[in-house]
Amino acid sequence: MGAGSSTEAEREPLLVPSHAETNSPPVNSRVYGRRWLVLTLFSLLGLMQGMVWNFWGPIQNSAVHAFGFSKSDIAVLVLWGPVGFVPWLLFMWLMDKKGLRASLLLSAFFMLLGAALRSIPLTDQPLRRWLIHGGQFLNGLAGPTIMSAGPFLSTTWFAPDQRATATAVASLFSYLGGAASFVVGPLVVPAPNDTQAGTTMSAAVSDSSIRDRIQLVMYAELAAIAVLFAAVLLYFPSRPPMPPSVAAASQRLSYRSSICRLLSNVRFLMIALAYAVPTGVIAGWSGVLDMVLTPAKVSQVDAGWIGFWSIVGGCVFGVAMARFADSIRGMLKLILVLMLAGASLSSTWFTLTCLSRYTHLPSTAAILYTSCILVGIFINSSVPIFFELFIETVYPVPEGITCGVVTFLGNLVTGLLLFFLTFYCTDLSWLNWCLTGSCLFSLVLILFFRESYDRLYLDVFVSV
């Protein structure tokens, strides 16, 4: 496995009977029905974390009127998600040493505190804006666990022929939360477009109505997070009584050895960049999709539906591809090549369509819908496939640490993109070109990547 190859000693299972033979069936592994409850609780927390993170972008026009936010403020509110990944090493250490329960409980507490903080109905608008920013930051602190622990959960609880599917569900529900906010926000919160020509009094009444609707959504999200926090507190075991596979019971590298192994493995760094660049760019791009589509005269509601279907399509297609990868193993690179080729073509199509005054390409609502949705489908559906390939490439590095590194890199890219957006928010055509370039860059890296399947080898050829 190149610079990151594992040794036979590292592959040796922890639970090995003294009389075990190579061809004997596994006797110390078992899957439990409760794994679906664990997966459901984790996924629903991811759903709510994604909804809170992407709350302000789809209703940015309404937020400007209700709270006096500027476009730079909206970009900063989205930026708090990537900023929350700054202490990612702490969360990965906690997951490695104390288990998933401790790390998830801390993340859920941050989500609950952040949702409560931004829901305080103060009349002092400057102070209220600070509380909203603080709430978004606390929600961002839940990101390192929510977005990177899916593969760790799937290996700990699920059999080898269900791992990729479980990884897809756990990883993509946070994206689904972002998709839900594209619909919930614009449908519940009225757009201020019809208040511009009215009197001062009617505008004031309209702004008050917008604030009330925003407050209603924030209260609803607070209640949902409180219920999920209570459920995780009552029941969320770190691991089952018996492991579901040989890989789940096998010896892993220590925390420090894992970090050194990852940073010295050129093949891992290669696919880490292939993952982080396009997913980081599309996360920042979709967070301000309303601003991107405004020059094309797409309304706030229509932009919300475009963002919704692009992410939902990516989630559905991602689960389907993960199920395909579970049934036909050893095809992860080929699946990624096809996905990234589709993302490159569709993002180029969308970018050129937005520049129709120069390219003279037809620019209709149907074309913008189709190209934008295809970009989201191809990039978002690649996330669980990337995660599975990471784990196979660097095994026996623990899953939580591996995916923590790559999600940190992805959010670093998102943070840099949104940072530049706070300064260059007038003409956003450069953002579309960044999306296209990121897809092409990732495709080239994957084409030159040499895949390997160390974890799959352990589960197929070694029996406990």
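Starting at the first residue of the range 159-166, write each ³J(HN,Hα) from the Karplus equation 6.51 cos²θ - 1.76 cosθ + 1.60 with θ = phi - 60°, in whole Hz, x for Gly and Pro.
Values, residue by residue: 5, x, 7, 10, 5, 4, 5, 5 Hz.
Debye calculation, C-alpha points only, no solvent: report log10 I(q)/I(0) for the range 264-404 at q = 0.10 Å⁻¹, in the same order as the q values.
-0.38
Given C-alpha coordinates of the range 69-220, what is the ratio Rg to Rh with the Kirkwood estimate of Rh?
Result: Rg/Rh = 1.07.
In the P(r) worked out for the range 39-147, what percent of Cα pairs fall beyond 22 Å?
32
Within the chain, what whole-number % of the accessible surface is contributed by carbon and sulfur, with the 1.4 Å probe and all protein chains included in the calculation?
Here carbon and sulfur together make up 69 percent of the probe-accessible area.
For the chain, calculate the relative contact order in percent as a whole number, restricting contacts to Cα pairs under 8 Å that are 6 or more residues apart.
Reported relative contact order: 29 percent.
Which whole-number value in Å² is the accessible area per residue of the range 274-381, probe 1.4 Å?
38
What share of Cα pairs, in percent, lie more than 38 angstrom apart in the chain?
So the pairs more than 38 Å apart make up 24 percent of the total in the chain.
Taking θ as phi - 60°, what are the ³J(HN,Hα) couplings along the range 121-131 by the Karplus curve (6.51, -1.76, 1.60), each to the nearest whole Hz, with x for Gly and Pro?
Working through the residues one at a time gives x, 7, 8, 6, 5, x, 5, 4, 5, 5, 5 Hz.
Quick one: which of 38-51, 115-128 comes out on top by average Cβ neighbours within 10 Å, and what's the full order, highest first?
My ranking of the peptides, most packed first, is 38-51, 115-128.
Straight distance only, please: which lysines reach the Cα of Lys297 with their own Cα at less than 20 Å, same-chain residues fewer than 8 apart left out?
Lys71
What are the residues whose amide H is under 5 Å from the amide H of Ser250, where those residues sit 5 or more places off or on another chain and H is modelled from the backbone?
For Ser250, whose amide H was placed from the backbone, the distant partners under 5 Å are Leu14.
Could you run the Karplus curve 6.51 cos²θ - 1.76 cosθ + 1.60 with θ = phi - 60° over the range 138-155 and give me ³J(HN,Hα) per residue in whole Hz, x for Gly and Pro?
5, 5, x, 5, 7, x, x, 7, 4, 8, 10, 8, x, x, 5, 5, 5, 5
Given Cα positions, please report Rg to Rh for the range 25-77, the hydrodynamic radius being the Kirkwood one.
So for the range 25-77, dividing Rg by the Kirkwood Rh gives 1.42.
The values are calculated or read from the model by the stated rules, or taken from the named source; none is laboratory data. All of these numbers come straight from a predicted model, not from anything done at the bench. Positions of Cβ are backbone-derived with ideal geometry, glycine not excepted, and every protein chain shown enters the neighbour counts. For accessibility, only protein heavy atoms count, side chains too; no ligands or nucleic acids. Shrake-Rupley method; radii C 1.70, N 1.55, O 1.52, S 1.80 Å.
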